[in-house]
Amino acid sequence: MGWNITKKILAGHLLEGSMQPKEQITIKVDQTLWSDLTGVMGAQILESLKPEKLSANPSVFYVDHNTLVTATETSDDHAYIRSASQRYGAYFSKPGNGVCHFLHVQRFAKPGQVMLGADSHTPTSGALGMLAIGSGGLTVAKGMLGDGFKLVTPKVMKVNLIGELQPGVSAKDITLELLRILTVKGGVGYIFEFAGAGIRTLSVPQRATIANMCIEMGATTGIFPSDEVTRAFLKAQGREQDWVELLPDADAAYDSEIEINMSELEPLVAKPHMPDLVCKVREVGEVKVGSVFIGSCTNASYSDIAKAAKILKGKKVHKEVDLTVGPGSKQVLEQLIAEGVLADLVASGARILECACGPCVGIGQAPPAQGVAVRTSNRNFPGRSSTPDASVYLVGPETAAATALTGKITDPRDVVDVNSLKNIVEPSEYPVDDSMIISPADVKDPANVEIVRGNNIVQLPERGPLEKAIQATAALKVGDNITTDDIIPAGSNILKYIANIPKFAEYTFCYTDPEFVSRAKRLKSTIIIGGENYGQGSSREHAALLPMFLGVKAVVAKSYARIHKENLFNYGILPLVFKNKEDYDVLEMNDVLEIDDVYDQVDKGEVIVKVLNKKLALTALVEASDYDKQVLKAGGAINYLKGKMQ
């Protein structure tokens, strides 16, 4: 049997292992990506390890999430990331230049390469035939410094796209249909590889939307072939020299397959509070809406916004709706201005935001209490909008524009002649201006660059080696699908402390259990009990770092999201899996748990957990490679890296 494109890239980057099923392999990392939410951590890691050279080139730090500077803490963070980037040879994208994933596709992503990104939506660059994987910051740092990326040989799911999207139906509806079928856990252990005659009809920005949201199904990443569509996009970006053809063999083998007929799709909507609660827009019912946001790394391309503007042109936004639009990059914004699209949006009553993540991550445009928001972003978890009790619905840009007009969730085909959208396509040439990117070539003497450290920048806390015996109290018990937003919410009022771990830690589980922090401080040594898919969502490693700082020694759960489990290892927290899931019902808050001979039991992969107050014991598994166990025993990835460098 022939090879799929995933296997071709893995084989070309293989450093260790043989790509056999369930075997851990190590692959070379060509590029790394950091947002400002993880970039502070990345800069702290660089300062801690002081590397002479970065192995991954380019390594790019973007300021795109927390750009709403309402306090000096945030501006200090930006200055810190910029100066550390200049000192250690990374690229730095200034605030306002664009959303990291969107901008990386435009300016840096290359077919056939491997990228690690310290943000879960890194798979966006899979639109260009790049194997782009989101991970925790410490894992990305290891790749950036030449340690490679370790993963279990993934299974590959062929997503066969046939037919063609009809007017009014967007690429977002393809991802929502996949979520409806597979759920938020259906892609665990897989890389989604898109194929079929239908992909030829999809532009690179449309492919980016689809690849971006593969993570919402638990997949490792999503990838498209690099074909003539890819070549045309790179040519329009002035980067045709970066193009290489990358197609699957005619007889390529896959582990599973699913087919989507794009011609049969209708506008879809994901209801609160999970992206897989999907139905047709026409079936959602009478849902009155207070705010609409068109943008984010998922739907902020020129064609996305131009289609929304076409629907709005000559009309007015509903009097009770607040419509905001955030272009994905400065490049898109310039194109919208040049073609008069921005004027149409403003005339309709839309507010134009800067080129940043903004409302997607709860920074700005928070809905009122119990408000209803419609967004073209990729997540609608509770509190994600920065309003704990708001309801967020996810849609494509055409549906968002129609909703802004009527004040209720509306199928665009019910308010406009969607055939008028057919001619709106991506430009054949983009306005290229990289002046808002500081490259290593711009820095004449990096060794003498002074790191700008504001008062809010504190030293990264570390933990000693894994304890040989653990006794801890269950300080929290949660259910299924706990997200990293549940563990540490976003929002500008919280994220301004991202570089100050003692202050940031005060918000740990603040919406889930406001008493958790005080309880953890009082108990000092604690364990968290979790259900299925614990830690889904964002790659935000603070969801592991902050519990570590507060004294969490272990988590015992039914299952974990991949990135969060990785982060737990990286911060020296023991991630245990119930051998018998029924034991979840046995454990309760305030149970006192004990694990003896931790090192020996971790090596065996099976751990006896004694419940002292109930005089019983249960068995848990440590699903980890030998490498993961080494990192865990060292007390986390920083200790491991320091030991290796020494």
Return the residues of the range 48-74 that are modelled with pLDDT of 85 or more and among the small types (Gly, Ala, Ser); say none if nothing qualifies. Ser55, Ala56, Ser59
What's the total number of residues in the range 488-534 that are crowded, with 19+ Cβ neighbours inside 10 Å and at pLDDT 95 or above? 12
Lys610 vs (1) touching a residue at least 24 places away in the same chain (Cβ under 8 Å); (2) farther than 30 Å from Asn500 by Cα; (3) of a type in the set (Lys, Arg): all pass except (1)
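In the range 535-560, what count of residues is obtained for those that are more than 22 Å from Ile638 (Cβ to Cβ) and surrounded by fewer than 24 Cβ atoms within 10 Å (Cβ to Cβ)?
Kept after step one, since they are more than 22 Å from Ile638 (Cβ to Cβ), are these residues of the range 535-560: 536-537, 556-559.
Keeping just the survivors that are surrounded by fewer than 24 Cβ atoms within 10 Å (Cβ to Cβ) gives 558-559.
So the count comes out to 2.
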In the range 576-645, which helices (runs of 4 or more DSSP H) lie fully inside it and hold 2 or more residues that are in contact with a strand residue (DSSP E or B) (Cβ under 9 Å, 6 or more places away or on another chain) and either at pLDDT 95 or above or of a type in the set (A, V, I, L, M) (or both)? 598-604
Residue count for the range 569-589, restricted to those that are exposed (fewer than 14 other Cβ atoms within 10 Å of the Cβ), more than 21 Å from Ala544 (Cα to Cα) and touching a residue at least 60 places away in the same chain (Cβ under 8 Å): 1
Can you go through Glu73, Glu47, Glu16 and tell me which one is loosely packed, with under 15 Cβ neighbours inside 10 Å and out of contact with any helix residue (DSSP H, G or I) (no Cβ under 6 Å at 6 or more places or on another chain)? Glu16
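Suppose we filter the range 28-43 for residues that are at pLDDT below 95 and not small (Gly, Ala, Ser); how many remain? Before you say what the answer is, go through the steps one by one.
Our first condition is that a residue be at pLDDT below 95; within the range 28-43, this holds for 35-43.
Okay, now just the ones that are also not small (Gly, Ala, Ser), so 36-38, 40-41.
Total satisfying the criteria: 5.
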Cβ pairs under 6 Å, 6+ apart, first in the range 209-228 and assigned to a helix (DSSP H, G or I) and at pLDDT 95 or above, second among the basic types (Lys, Arg) and surrounded by 24 or more Cβ atoms within 10 Å (Cβ to Cβ): Thr209/Lys172
Go over the candidates Val281, Val325 one by one and state the one that is within 20 Å of Leu421 (Cα to Cα), crowded, with 24+ Cβ neighbours inside 10 Å, at pLDDT 95 or above and over 22 Å from the mean Cα position of the chain (by Cα). Val281
Residue match in the range 516-529 (condition: of a type in the set (Val, Ile, Thr), touching a Cys at 6+ places or on another chain (Cβ under 9 Å) and not in a loop (DSSP other than H, G, I, E, B)): yes
Over the range 447-461, the set of residues surrounded by fewer than 16 Cβ atoms within 10 Å (Cβ to Cβ) and not aliphatic (A, V, I, L, M) is Asn448, Glu450, Asn455, Gln459, Pro461
Looking for something in a strand (DSSP E or B) and touching a residue at least 24 places away in the same chain (Cβ under 8 Å) - is there at least one such residue anywhere in the range 484-494? no
From the options Glu259, Glu334, Glu266, residue that is in a loop (DSSP other than H, G, I, E, B), among the charged types (D, E, K, R), surrounded by fewer than 24 Cβ atoms within 10 Å (Cβ to Cβ) and at pLDDT 95 or above: Glu266
Meets criteria (modelled with pLDDT of 90 or more and assigned to a loop (DSSP other than H, G, I, E, B)) for Thr403: no
Please list, ordered by first then second residue, the pairs with beta carbon atoms under 6 Å, 6 or more apart or interchain, first in the range 49-70 and within 12 Å of Pro440 (Cβ to Cβ) and in contact (Cβ under 8 Å) with a residue 40 or more places away in the chain, second among the small types (Gly, Ala, Ser) and buried (at least 18 other Cβ atoms within 10 Å of the Cβ). Leu54/Gly89; Ser59/Ala90
Would it be correct to say that Ile501 is without any contact (Cβ under 8 Å) to a residue 24 or more places away in the chain, within 30 Å of Ala71 (Cβ to Cβ) and touching a helix residue (DSSP H, G or I) at 6+ places or on another chain (Cβ under 6 Å)? no
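The values are calculated or read from the model by the stated rules, or taken from the named source; none is laboratory data. Note that the structure is predicted; figures quoted are calculated from it, not measured. As a convention, Cβ positions derive from the backbone with ideal geometry for all residues, glycine included, and neighbour counts pool all protein chains shown.
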